[in-house]
Structures are given as C-alpha cells and as structure tokens.
Amino acid sequence: MVKKILSITLCVLILVFIYAPILLLVVYSFTPSNVIGRWEGFSLALYGQLFRNTEIMQILFNTIWLALAAAALSTVLGTAGAIGIFYSRRKVAKPLQAASQIPVINAEIVTAISLALLFSAVLLYRTYFSLIIGHMVLCTPFVVLSVLPKLKQMDSNTYEAALDLGASPAQALFKVVVPQIFSGILSGFMLSITLSLDDYIVTAFTKPPMFDTISTYVYNAVKNGTNSSTPALRALSALIFVVMIAIILIINLRARKPAAKETSK
Amino acid sequence: MAELKKSEKIIEIVNVSKIFDETAAVEDVNLYVRKGEFITFLGPSGCGKTTTLRMIAGFDIPTSGKILLNGKDITNLPPNKRPVNTVFQRYALFPHFNIYDNIAFGLKLKKIPVTYVNDKGETYTKLQKLTRKEIDEKVKNALAVVDLEGFEKRSVSTLSGGQQQRVAIARAIVNEPEILLLDEPLGALDLKMRKEMQIELKEMHRKLGITFIYVTHDQEEALTMSDTIVVMKDGRIQQIGTPTEIYNEPANAFVADFIGDSNILNGTMVDKFTVRFCNHNFQCVDDFEKNEKVDVVVRPEDIEMTDKENGMLSGRVISVVFKGVHYEITAMVGRSEMVIQSTQSRAVGDIIGMNIAPDNIHIMKKEFTVNKYDGYISKKNTVIFGDGKFDCDVTQLYPGSHLDEEGYLITADGEKIDLTDVDVTVEVGLQSIEISDNADEGGAQGHIVSLIYKGDHYQYIVRTEENEEDYVFDSEDLWNENDFVSVKIKPENIRLQLKQEMKQNG
C-alpha cells in the first residue's frame, strides 16, 4: 500500500515538474497583467488583443504555411529516399541509410551555420528558398526514419506482383507500395510539421530579413529579459499548446482504432 | 528428345547467364518450354531455379544470353509488358485490398482493342478498358476455378494460408496469361494441404490448357506433377527429361541422389556392357570405355532378394525399417551398404542374396576423378593453391634433385634453381584429402557444400569462401553440410607439375 502511494506520488511529481511551466503560462493567459506572477483578475483580454494584433496574425500565418510547405516537400523527398534505400542492394543501402540520418544527430546550430554559409555562397542567403530548404534539411531525415520501418514490414514481392499483373512502375508504386506505407508517410508528415513549427535556430539563420515565425518573433520579443511588450504572446502560446494536445490525441485515437478492429476479428 | 518445330516452343532460353555481385546464379542455361506443358525447375536452394523463373517473368535481366517468347526476343522487356503471370512463394497479395480488388487488379489496368464503325462507315480500333460488368464476370469465374466462390468482400488477413494461395492463383490466371509461373507456391503449406493443392494445380493445368512453369525443391512434387523436369545445381542444368527418364536414367550421381532413394557405388567397366562393382561382374545396358571408372546407381526397389546361394551378391542384413507399403532393408555387401525396398521382411543378421537385372543398373560417367588447381611455389617446400597454403615436396619437379640448406633446389646435374613464385599445376587425388574441425590444422578452410553417399563412403565437396575453390574427396566419416572445416593434404599426396612455359625457360 505504502509502495503504491509512493509510486503514485512520484508519477504526479514528475508530471508536475514537466507541466508546471506550461500550466502557469496557460493560467496567466487569462489575466491582463503585463508580467507573469501578478494576478489581476480573470479576463479574456489577452485573447482579444491577440486576435486584433495583425502583426501576430501575419506571423502565425507565416509559421503555418512554412510548416505545411516544408512538411509536404520533406514528406515527398523523404518517402522517395526511403523507398530508394529499401530497394537498393544491401551494400549501397546501409551507407545510404546511415548518411541520411546524420542530420538527426548533427547539432542543429552546425546545420544552421552550414546552411547560412552555403546560401551566402550562392547568393540565395536569407530568401524564402533558403528558408524552405533549411526546414527540409531538418525534417526529411525524420520522414525517412518513419517510412523505412513500414517498408520493411511490407512484403517486398507485392511491388513485383503489381508489375507482373501489368502495372507500370509508377502505377505499382502509387497503387500498391504507397498505400501499404501510408501510415508511415502520414506520421512523417505530422512529425515534420511539429519540427518546423517550433524551430528557431535554422529559421533564424535562413529567414528573409523582414520575415518572422512565432519562434523568432517570441525570441525577439523577450530577448531583453522582459515579456512586457506583448503579453498577448501568452495567449498565443497557450493556444498552440492546446491545439498540439488536441492533434496528438486525435492521432493516438486514430492509431488505436484499426488495431482494435484487427483484434476483434 | 526430338527437335521440335519453332511454333511449338513457347519459351526458349538461349545461353543465359545471370551474375550477381561476381557470383554466377545461373550459368549458360539452354532450354525450351513447349506450349501447354507443365515444366518444373527442380534443385536444392541456391541452384538458380528461382533466378531462371524471375528472368522469364522479367524481374531479373540476364547478364548474357537471350530469352525468346514465341520466337520473339523478350530479354529486356519489362514484366508488365509480358503475357506471363506469377504466383509468388509467399503469395504477395495486396493487404490493403479485399479479395475482389486483388483479383481485379490486373483486369482494371488492362486495355483491349475494340473495333468501331464511324459515320462514314470506316472501321477503327480503340484501346479500351474492360467494363465493370466484364471484370465482375471474370473475377467470379476465377474464384470459381479456385473454389472460393463468394469470397469477394473478404479481407486478405482473414484468410488461411491455403486460401491466400488460391487467391494468388486466381489473381494470376484471371489475366489469361500464356504462361503461368509458380515459384514454390506450396512451400508454406502443411503436408496435407500441399498434397491436395498438387492435385488441384494439375487439374487446373488440364482445364486451362496454358503452360505452367513450376519451381520447387521437392522432388516428389516434381515427379507427381510435371510433364518435364529440369534438374539444376549450382546454376547449371544437370538433366532435362520426363519424370520417368529422370528417375530411371539419372544423368549423374547428383541427379540420382537428389531424385528418390538410390544406392550409388564405385564401379569399373571391365568389358563391353559389363561393369564390376562389389566384387562381381554385372551385365548392363550402358556402354562405356573399358577400364573406365564409373558411378553405378541402383534404385532400392530394383534389387531382388533371394537365398544367399542364388544371388549375384550376398550380404548381411544390418537394419530393417517398416515404411508402410514396404520394408527398407539395409545389407552390408563387403564394405558397401546396399539399401533394398521390398514387401518381404528379413531379420537383422540374416545372410541374403541379391539379384539386379541389367536394365536396372544405371551407369554414369564419374564427375570427379582428381582435383586440379593452378598454384605457385611460395617458399621452401610450400605451394599455394585453391585459397590455401600447403607443405609439399618440390624435389618431385626435377627427378633426382634435392634441397640445400638455404632452400634452393639442386638438380641432379648440380644446377641451382630458385623456385619462389614458380607457377605449377597441382593434382590431388580424391582419397588424399582429410578434413578437420580445427581451422588452423589444414592448409585451406571452407564449408562443406555437398555430400553424396556412395555405398561405403561419402563424397564431399568443400568450397572455400574467397575464390570458391572446390576440394572434392571421399571419406568414410560423416560430416554435415555447411560444416566449416579445414583441408589437410599430406605433402607426398600433392602432385606438382611445372607449367609448360616454365619448363622451357628452366
């Protein structure tokens, strides 16, 4: 009994440790005070300010389209890469797979500086092009990582079976291979979106001068140690947190459904 | 077999080789397949049978050679352009489709020419997809052929292995291919299911009237189902023939050992149509050169047991096993074991006589009589060949010579010769090789890739990893296939000969 209470307490403590800062933020997003720590009564004023602030709305829009575009392009590239690795001969596949995963372990600041150097060398530094490519460099390895296991689960003969039945290589790919690895592609896409949404370092090094995402904007806003300038950011952060939680819940529930179906048969 | 007219050959494989990463999976294969026949590629795993099938399907392209379909070259045609469909070993059904969509997959992609008449009365043809109704009809018929009526809406994962195999067959035959390729289709099924499917496949072949090309490692399956069997080993064809020919007239010891049970014995031709083995001269129907060493094959059911006085051979029974239809009796004749299948039983310890009719004695050319290698002398009394290094006696190269203290060879005339790096040919007899578990003990190391029982001994082939050099030898000890062993050869058993050009120079 004592053991049980102890273990529950430990769990609660860990959860509090992880979530306390976020909860604090969410709670203080409901008070109009300029600094966290001073409660000035419940109000939705910050949310009002947030939606009336056209600058923040523009930045929110920027962040989302950047995430969607980078995630979509990374998903196409990463899926193609994973399929290429999977169907290569083993001698080629192994080093190729290892090489594709280097950006994952590479320090992000190194990636960011290398990108900045590369793009300034080809006169594309701080353009939308460099920004999108930067985010793709960030996301693509994770797409490869989430698609490859699905390919390995697949019966590799099904591609040949499709060719055998008269499908062209493209038809075989889209009618037979892609549907079988679709869950991997989808999770790679979602992973890319979250990676791109909250990225600061690569964005800061590759973005056009007058362009901001939420990360770079918030960073600039609180750079001087005060967050007094735009308390509405608290409301924005709280909203992002809630939306993310909702997305994760939906994905998890969706993932559980087909599994439950299988076992019930 | 008589030469066939061009029109009767549906597939012709001409000098085809396939090399993967420097190792040949298929080497210089030539064969043809007659229209409508059931042909089986039979052999142990890694013999090249599946690679040959994949080249006919178009999944692999031959490194050299040609494949003709109805006389037309299809060597480089992609699989989707060939009128050939495949049933895969592990079915390869599409798990995201139901049974109907699996079978209709090929039909939905198919375009057939339809002839129309326009307003001016001119006819023209257009490529058109099949209508929904036509597809429905064909899928239904295909399901009826494989006895799965009403399964259209089921998902693949709800079917048993046997049912999935039937769907895979339906998915292939629904496209009305000219040739159906089957890659060990029954390999994943249990014995009873396999027997049932064998009969059903044969029945299907009769009804559909198309050519079946079947791949299996199961000799019984091949004998039961095929019109023609192609026995393969190490990428080469060993024998092509009807099941009866393959069984009764095996071309070599490998085929005899692989197909059915057999007694394989060492024999010598002592006269025209007379062979000597087990210390007795037998009349036979095969003609070989006098004094030639040969392999003799006698099937266990072809040995007739009699009293010891009336037999050509006599031996002591050492084991009797009841096998249902017959007894399997093993007798020692001299130092050779003889396996006999008979409906009569004998007791262990009995002395029995044995008779063998002349046409039941099959004589085959010996595949290996000696091991030959190219090698070179490395230093004092050491020769390198066959991926290994062996002690040898180099004085045999020059009669009457001897070695001095520094390792130079002094010939009978007193001439001093440095033999380092001199090229030689090396011969080692089949009786002169021993193997050992201890990898350091012998001069070369390799895996046992083949063993064939020959009455009183086994014939082994040890193959090295680096250059795939073979050591063939006879031994009475039993080792297992794939054992990693080292090869020992006594110096006096390594016969060296200088290469011709060296002799002239020296």
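Derivation of every value follows stated rules applied to the coordinates shown; laboratory data play no part. As the structure is a prediction and not an experimental result, all values here were calculated from the model. Cβ placement follows ideal geometry from the backbone for every residue including glycine, while neighbour counts extend to all protein chains displayed.
A few notes on this one:
- Taking the Cα centre of the protein assembly as shown as reference, the dipole from Cβ charges on Lys and Arg (+1) and Asp and Glu (-1) amounts to some 5540 debye.
- Inter-site label distance for A:K91 and B:E220 at 7 Å from Cα along Cβ, in nm: 4.1
- In angstrom, the C-alpha Rg and Dmax of the stretch B:57-182 are 17.3, 57.
- Each label point was placed 7 Å from the Cα along the Cα-to-Cβ direction; for B:E405 and B:E203 their separation is 8.9 nm.
- For the stretch A:66-213, the dipole from Cβ point charges (+1 on Lys and Arg, -1 on Asp and Glu) about the Cα centre works out to 380 debye, to the nearest 20.
- With the simple spin-label model, which puts each label point 7 Å out from Cα in the Cβ direction, the A:V104 to B:N30 separation comes to 5.3 nm.
- Rg to Rh quotient for chain A, alpha carbon positions, Kirkwood Rh: 1.05
- Legend: Rg and Dmax of the stretch B:370-505, from Cα coordinates, 16.3, 50 Å.
- Dipole of the protein assembly as shown, positive direction: furthest Cα of B:P44, B:H326, B:I435, with charges on the beta-carbon: B:P44
- For chain B, the longest principal axis of the C-alpha atoms and the axis of helix B:161-173 are separated by about 70°.
- Under the criterion of Cα pairs below 8 Å and six or more residues apart, the relative contact order for the stretch B:97-162 equals 40 percent.
- On Cα atoms only, tilt of B:132-145 relative to the major axis of chain B in degrees: 50
- Base-10 log of normalised Debye intensity for the stretch B:403-463 (one unit scatterer per alpha-carbon) at q = 0.12, 0.16, 0.25 Å⁻¹: -0.56, -0.76, -1.13
- When only alpha carbons are used to place a centre, the stretch B:393-409 and the stretch A:159-212 end up 73 Å from one another.
- As a proxy for reagent exposure, ranking B:Y124, B:Y408 by other Cβ atoms within 10 Å from fewest up yields B:Y124, B:Y408.
- Over chain B, Cα pairs under 8 Å with separation of 6+ residues give a relative contact order of 11 percent.
- Placing R0 at 30 angstrom, the Cβ-Cβ distance between B:K379 and B:H447 gives a FRET efficiency of 0.55 after rounding to 0.05.
- Summing charges over neighbours of B:D359, with a neighbour being any other residue whose Cβ is under 11 Å away from its Cβ, gives -3 when K and R count +1 and D and E count -1.
- Counted as membrane-span-like here are DSSP H helices of chain A whose alpha-carbon atoms extend 30 Å or more along the helix's own axis and whose Kyte-Doolittle mean is 1.0 or above; these are A:2-28, A:54-87, A:128-153, A:232-264.
- Per residue, the average separation of C-alpha pairs within less than 8 Å and at least 6 apart gives chain A a relative contact order of 29 percent.
- Most positive-pole-ward Cα, A:P141, A:Q97, A:S130, against dipole of the stretch A:66-204 from beta carbon charges: A:Q97
- Ranking of A:R90, A:R52 by neighbouring Cβ atoms within 10 Å, starting from the fewest: A:R90, A:R52.
- For chain B, the average shadow cast by the Cα convex hull is 34.3 nm², which is a quarter of the hull's surface.
- When each of B:K35/B:K133; B:K272/B:K323; B:K9/B:K207; A:K91/B:K195; B:K202/B:K454; B:K66/B:K233 is checked by Cα-Cα distance, pairs over 29 Å: B:K35/B:K133; B:K272/B:K323; A:K91/B:K195; B:K202/B:K454
- The stretch B:155-217 gives an Rg/Rh value of 0.95, both radii derived from C-alpha positions and Rh following Kirkwood.
- Taking other residues whose beta carbon is less than 12 angstrom from the beta carbon of B:D21, and scoring Lys, Arg as +1 and Asp, Glu as -1, yields +3.
- Coordinate range of the alpha-carbon atoms in the stretch B:97-162 per principal axis, descending: 56, 19, 15 Å.
- Volume per residue for the stretch B:260-365 equals 89 cubic angstrom (convex hull of Cα atoms).
- Difference of contour (0.36 nm per residue) and Cα-Cα distance, B:D101 to B:E415: 104.6 nm
- Going by neighbour counts of Cβ atoms within 10 Å, the residues B:V449, B:V33 line up, fewest first, as B:V449, B:V33.
- Computed helical MRE - 222 nm, chain B, DSSP H runs ≥ 4 contributing -39500 (n - 2.57), nearest 500: -5000 deg cm²/dmol
- In the stretch A:108-235 the Cα-Cα distances spread across 5 Å bins starting at 0 as 2, 10, 15, 14, 12, 12, 10, 10, 7, 4, 2, 2, 1, 0 percent of all pairs.
- Relative to the longest principal axis of the Cα atoms of chain B, the long axis of helix B:191-208 makes an angle of roughly 60 degrees.
- A Förster distance of 25 Å, applied to the separation of the beta-carbon atoms of B:K365 and B:N70, puts the FRET efficiency at 0.10.
- With the cut-off at under 15 Å, measuring from each backbone N in the stretch B:215-248 to a point 7 Å along the Cα-to-Cβ line of B:E481 picks out B:216-220, B:232-235.
- Within the shell defined by Cβ-Cβ distances under 13 Å, the residues around B:Q341 carry a net charge of -2, with Lys and Arg each +1 and Asp and Glu each -1.
- Sorted peptide list for B:411-422, A:173-184, criterion being average Cβ within 10 angstrom, highest first: A:173-184, B:411-422
- Gyration tensor analysis over the Cα atoms of the protein assembly as shown returns equivalent ellipsoid semi-axes of 69, 39, 28 Å (largest first, whole Å).
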